[in-house]
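The structure appears right after this line, and notes come after that.
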């Protein structure tokens, strides 16, 4: 499908549901400024226009994102046949949060509006996949790179990030759009998704290392767990954490008991109810809507030709259900719903793998 799309014109791409940029970068950046400064909005029409601009800009990343995802997907399968590669569009809530954290960042220059993630089994396979993609004959331009496995963030986060600018001789309208590739092991992924799960339930941005009161204890716990994962994978420990198993186990066990980690994570998952409303067996895109208040997760599937509709409903749900109300939605794509479940366990409140790592770390 991707090869076919690359040889067709804009009319064909639109018939397949792919959007393209309709606004100047100045208008995109202006919409981003209004998003984080709602007091500057003078009318409802201006608010609607800002959301329309952001949605178009975000949706325009789907085609270059899908192209790059397929490239990394095939290379990952050759290295690890059980690898998982999926894609997602950044949530408006996350866009808002990032623009507030980095005040000099413009929406048009945000590097992870469109992101794909490849999960493999070992750190060695991560290295092989990174090199295989960088050495491949692609026109896309490597814009930036961060190796958070060799040099982990102080939070404990680990992954290898590649930022590419899409480049094509045929579909030039997308040229220059940034796509982020995250390549990590499944253990590193289990850590990252557990952070998001807990952050969602305690109502704090643990993923961005923003926390207070009990959240500070959770941050320390996850940093210690980051080192526990690192020790299993023979990687450098997180900054300011114990460097011996005995010391790590003692501190980690203390926080695990204090926060009642195992019981709380098991309780989250035990109460989740999943409703699937895929409209077609040929669904390629999925809206995952999690309500942490009712412990319900709704999945809606869309065919390729329904992509534009999926994007519009994504924005409609986001603007109608603020993050603070306990509603969380994301638009993702993968080869199957099973892969989606494995790649986004935080939406299914599935922390089994993470808890298994914790048990082994404190044994």
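Throughout, read-outs are computed from the coordinates displayed, never taken from laboratory work. Since the structure is predicted, the reported quantities are computational estimates derived from the model, not experimental observations. So basically every Cβ, Gly included, is an ideal-geometry build from the backbone, and we count neighbours across all protein chains shown.
Structure notes:
- Pairs of Cα atoms nearer than 8 Å and 6+ residues apart set the relative contact order; for the range 273-343 it is 35 percent.
- Rounded to the nearest 500, the 222 nm mean residue ellipticity of the chain from helices alone is -15000 deg cm²/dmol, with -39,500 (n - 2.57) taken per DSSP H run of at least 4 residues.
- Overall Cα dimensions of the range 127-180 - principal axes, largest extent first, Å: 41, 21, 11
- Taken as Cα centroids, the range 298-363 and the range 67-123 sit 14 Å apart, rounded to the nearest whole angstrom.
- Quarter of the Cα convex hull surface for the chain, i.e. its orientation-mean projected area (nm²): 18.1 nm²
- Rounded tilt (10° steps) of 245-259 against the dominant C-alpha axis of the chain: 70 degrees
- Packing, as the average of other Cβ atoms within 10 Å across residues, places the peptides 110-117, 166-173 in the order 110-117, 166-173, highest first.
- Compared with the dominant principal axis of the Cα atoms in the chain, helix 307-320 is inclined by about 60°.
- Against the chain, whose longest principal axis is taken from its Cα atoms, helix 123-135 shows a tilt of about 20°.
- Each peptide in 219-228, 266-275 gets a packing score, the mean of other Cβ atoms within 10 Å over its residues, and the list from highest to lowest is 219-228, 266-275.
- Long-range tail of P(r) for the range 20-128 (Cα pairs > 24 Å, %): 37 percent
- All-pairs alpha carbon distance profile, the range 2-186, 10 Å steps from 0, percent: 9, 34, 33, 20, 5, 0
- Each pair of Cα atoms in the range 273-343 enters the Kirkwood radius, and Stokes-Einstein at 20 °C and 1.002 mPa s then converts it into a translational diffusion coefficient of 174 µm²/s.
- Ranked by the mean number of other Cβ atoms within 10 Å of their residues, highest first, the peptides 30-40, 195-205 fall in the order 195-205, 30-40.
- Of every Cα-Cα pair in the range 198-316, the percent that sits beyond 26 Å: 44 percent
- Length-normalised contact order of the range 196-250 in % [C-alpha pairs under 8 Å, at least 6 apart]: 19 percent
- Relative contact order of the chain, taken over Cα pairs closer than 8 Å and 6 or more residues apart, is 17 percent.
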